[in-house]
1. Looking at the range 251-272, can you tell me whether even one residue there is within 22 Å of R371 (Cα to Cα) and touching a strand residue (DSSP E or B) at 6+ places or on another chain (Cβ under 8 Å)?
2. Name the residue that is surrounded by the fewest Cβ atoms within 10 Å (Cβ to Cβ), counting only residues in the range 286-328 that are in contact with a Phe, Trp or Tyr (Cβ under 6 Å, 6 or more places away or on another chain) and either closer than 16 Å to A235 by Cβ or free of Cβ contacts under 8 Å to residues at least 12 places away in the same chain (or both).
3. Return only the number of the condition from (1) more than 23 Å from the chain's Cα centre (by Cα); (2) modelled with pLDDT of 95 or more that T149 does not satisfy.
4. Out of (1) basic (K, R); (2) at pLDDT 95 or above; (3) under 21 Å from G42 (Cα atoms), the odd one out for R143 is which?
5. Please determine whether any residue of the range 67-77 is at pLDDT below 95, farther than 27 Å from G152 by Cβ, among the hydroxyl-bearing types (S, T, Y) and crowded, with 19+ Cβ neighbours inside 10 Å.
6. Which of the helices (runs of 4 or more DSSP H) contained wholly in the range 194-286 include at least 1 residues that are modelled with pLDDT of 95 or more and over 20 Å from V321 (Cβ atoms)?
7. Given the conditions (1) in contact (Cβ under 8 Å) with a residue 60 or more places away in the chain; (2) at positive phi, which single one is not true for I353?
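The values are calculated or read from the model by the stated rules, or taken from the named source; none is laboratory data. Treat the numbers as computed from the prediction; the structure is a model and nothing was measured. Cβ placement follows ideal geometry from the backbone for every residue including glycine, while neighbour counts extend to all protein chains displayed.
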Amino acid sequence: MLNRTRSRAVTFPPANANPGADGAALPPRLLIVGPLPPPLGGVQLTIDMQLHSSLAREFELHVVDTSKRQLRWAVENPTWKTPLYFARDFLRLVRALVRLRPKVVLVHAAATFSLLRDWVFMATARIAGAKVICHYHGTLHTRFPSGNTRSGRFIGRMLMSAAHRVIVLSPSYRREMAKAWKRDDLVWAPNMADVALYRSVSANTPAPWLASGEKAVLFVGRLSAPKGIYDLFDAIPRVLERHPEAKFVLVGVAESDAMEPVIRAEAGRRGIASRIAFLGALEGSDKAAAFATSQMIVVPSWTEAFPLVIPEAMAAGIPVVATAVGAIPDFVKDEEDGFLIAPRDWKALADCICRLLDDERLRRRIGERVRERAPREFAIEVGCGKVLEVARDVLAKPPASRLSPDCRNRI
């Protein structure tokens, strides 16, 4: 699935593709602005799935790749290099706009101050005459732009006014952000999973990290405090008291090389290292095997938008134990798809893990439910189909080559 190209601009299909024997015109061009993998992360994987979806059949897709490449995980903290990356990506965008003249530009935007950069991308594309779609992967509960303050809502409205249409991640986000940004045209599209991949791997797949009789509890994500890794460490002894056969399988890496040994040393200090398998970053069938051979997945994050690991877990047919943050409650129903807990409540986390390990029938019932939901709600064509509908809609409207008055008046 992952496209490993490192070129500055990526084209799907190739720019020299034949228009066809009947001389039919090439499809309209759609330019995607955002990071390709590596490193792995939710936005990177979403873009990769879009490139291999029905969008590529209806549009000639191009990508301005904003990936930093050297990051160990898909987390971005400002450094002295940030302005240099911005200049690089802005020049790539301008070149692509001049050379390709795309009809539609799809900008993948995140919360925090990187949204200022994404606003520049959207405004530039709009001035160039393209229809602009913002695929927003953030929440209203971030520090910037905050949806909880008047100034934060004003800033959000200003930044999003550069886009003709905005796509968010869940129905509750659509309601909340529509109110905060005073827009009635927001659309929500769920995060997605390669359902066929996760269904193709059997629960009997060999798992070298598991001994006979061990039951895997899976964690997938960045090994960091905000992702709840230390809350999970707190919960492990309580789980082991009741289920010594539990093995905690961690897929992911720390934010930096320096933090990796710190996290492993902390597991050793607590005396739980022997019950943890650190698998590092996995992808494709290896990652799917980690899901298939686990009894459940835990998502103990302090804050989230809507993590891709939840659709992936549902595609694999395993229950979810997650914190009730962000859009997670929109998609995980407590005691139906798994369990919802409060952030940082390690005792509740341990108790929910034990409840699932106690009851094989409960695990099977939840697994059957989420496995049935996955292709209907989280397949690639479900999420990408909504993006395609928005792209068709903006193309059908009269062209506009300048910023909206609302956006222009705030520059």
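1. Kept after step one, since they are within 22 Å of R371 (Cα to Cα), are these residues of the range 251-272: 251.
Restricting the remaining residues to those that are touching a strand residue (DSSP E or B) at 6+ places or on another chain (Cβ under 8 Å) gives 251.
Yes, the conditions are met somewhere in the range 251-272.
2. V321
3. (2)
4. (2)
5. yes
6. Details: elements: 195-199, 229-242, 259-269.
Answer list for the range 194-286: 195-199, 259-269.
7. With (1) in contact (Cβ under 8 Å) with a residue 60 or more places away in the chain; (2) at positive phi applied to I353, the lone miss is (2).
Residues checked against (1) aromatic (F, W, Y); (2) out of contact with any strand residue (DSSP E or B) (no Cβ under 8 Å at 6 or more places or on another chain):
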| position | (1), (2) |
| --- | --- |
| P28 | no, no |
| L40 | no, yes |
| M49 | no, yes |
| H62 | no, no |
| W80 | yes, yes |
| L91 | no, yes |
| V94 | no, yes |
| L100 | no, no |
| H108 | no, no |
